[in-house]
Amino acid sequence: MRLFGRKQRAPRRRIDREGWITMPGDFAARRCIVIDISDSGAKLQIDDPRFTRTQFELRLSRTDPGRRCRVTWRRGTQIGVAFL
């Protein structure tokens, strides 16, 4: 539902939790901080935003199978992602 032309987004939960970013075809994982998360996406804090490609996997633990993500915005060392 739109309210005055604004898109309503899924409720976000602040978690400030460590996560890992993995790129398709790459074996290395980069550490990040998951600032907040919802059913549709998340806000991440990363050391070097230039490292991230447009799509990657986000894992909340080393054993987590991960969720495919697409970068939707970048501001400094923070990025917003939508889950695919």
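Exactly which trypsin sites (Lys or Arg not before Pro) in the range 9-83 are in a DSSP loop and have at most 16 other Cβ atoms within 10 Å? Don't jump to the answer; show the numbers that get you there.
On the way: sites: ARG9, ARG12, ARG13, ARG14, ARG17, ARG30, ARG31, LYS43, ARG50, ARG53, ARG59, ARG62, ARG67, ARG68, ARG70, ARG74, ARG75; in loops: ARG9, ARG12, ARG53, ARG62.
Filter output for the range 9-83: ARG9, ARG12, ARG53, ARG62.
Phi angles of the range 51-64 translate, via the Karplus equation with coefficients 6.51, -1.76, 1.60 and θ = phi - 60°, into HN-Hα couplings of 5, 7, 7, 5, 10, 7, 10, 10, 10, 8, 8, 5, 9, 5 Hz per residue; Gly and Pro are given as x. For the range 9-84, applying the loop criterion from DSSP together with a ceiling of 15 other beta carbons within 10 Å to the chymotrypsin sites (Phe, Trp or Tyr not before Pro) yields PHE27. The magnitude of the dipole of the range 13-83, with charges of +1 and -1 set on the Cβ of Lys/Arg and Asp/Glu and taken from the Cα centre, is near 140 debye.
Readers should treat all values here as calculations from the given coordinates under stated rules, not as data from a laboratory. A quick note: this is a predicted structure, and the numbers were derived from the prediction, not measured. Here the Cβ is made from the backbone with ideal geometry for all residues, glycine too, and neighbour counts use every protein chain on show.
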